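*Asks:* Could you have a look at this structure, given as structure tokens, before my questions?
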Amino acid sequence: EAHKYANTHTEDLWNGLDSVAGIGVADIMGPWIHQRGFPQVAVKVAGNELRLDQRRYLCIPDETDTTLWTIPLSMRGSIDGVPFARHELVKAPTTTLRFDGPLDWVLANAGGHGYMRINYTTDDLDRILLRFGELDDLERYCLLDDTWAFVESNQLDLRSFLHLAERYG
């Protein structure tokens, strides 16, 4: 309504969305629109902590690239057998999240709606595979697609991909 029958700029859209959402949409969307590529997030579970490391996904990784995003990340999993869902804005190169108990497993990009690559340690991927039947179709697709992308970029060995692919038979 504020811009009805008038010209606008991208910032007008972000400001309008922010007035409803209250989360700083312009701060989140700016890098997504103006930076090349998209992020990859490395996920590592350690007891009741979840470590998330972000950097730009590249087919030929560049360790000197410092590109960052504010990533809206939806996660789900279980703590001592009790399911949980959690949403975070991941902004830093490394973010450590603490939970109320030891994590049994965590699926980052729950629902499969995020635009990012998720890279799991071998142990964390094995924990997810124990719950494979609980993943929806899009989550299973994203898991397979991301894992193959990390094989192609030489960040993961083919054995891990094949171990995962066996579940899709």
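The values are calculated or read from the model by the stated rules, or taken from the named source; none is laboratory data. Keep in mind that what you see is a predicted model, and the values were worked out from it rather than measured. Cβ sites come from the backbone with ideal geometry, for glycine too, and all protein chains shown count toward neighbours. Please note that ligands, DNA and RNA were not included when accessible areas were found on the heavy atoms of the full protein model with its side chains. Shrake-Rupley method; radii C 1.70, N 1.55, O 1.52, S 1.80 Å.
*Asks:* Membrane-span-like helices in the chain: DSSP H runs reaching 20 Å or more (Cα, own axis), mean Kyte hydropathy at least -0.5?
*Replies:* 137-152
*Asks:* Still on this structure, please answer the following. Give me the dipole magnitude in Debye, nearest 20, for the chain about the Cα centre, with unit charges on the beta carbon: positive for Lys and Arg, negative for Asp and Glu.
*Replies:* In debye, rounded to 20, the chain gives about 60.
*Asks:* Carbon and sulfur together cover what percent of the accessible area of the chain at a 1.4 Å probe radius?
*Replies:* 53 percent
*Asks:* Next up: Return the calculated 222 nm mean residue ellipticity for the chain, to the nearest 500 deg cm²/dmol, obtained by summing -39500 (n - 2.57) across DSSP H runs with n ≥ 4 and dividing by the residue count.
*Replies:* Estimated from H runs of four or more residues: -10000 deg cm²/dmol.
*Asks:* Show the residues, 5+ positions off or on another chain, whose built amide H is closer than 5 Å to the amide H of residue 84.
*Replies:* 77, 78, 79
*Asks:* Taking the DSSP beta bridges in the range 34-130 as the whole, what percent of them are antiparallel, to the nearest 5?
*Replies:* 85 percent
*Asks:* While we're on this one: Just the Kirkwood number for the range 38-156, please: inverse of mean 1/r across all distinct Cα pairs, in Å, one decimal.
*Replies:* 14.4 Å
*Asks:* Over the range 1-107, what relative contact order in percent results from Cα pairs under 8 Å that are six or more residues apart?
*Replies:* 24 percent
*Asks:* Right, next: Could you give the size of the charge dipole of the range 17-103 about its Cα centre, using +1 on the Cβ of each K and R and -1 on the Cβ of each D and E, expressed in debye and rounded to the nearest 20?
*Replies:* Here the size comes out at about 100 debye.
*Asks:* Could you provide, to the nearest whole Å², the per residue accessible area of the chain with probe 1.4 Å?
*Replies:* That works out to 59 Å² per residue.
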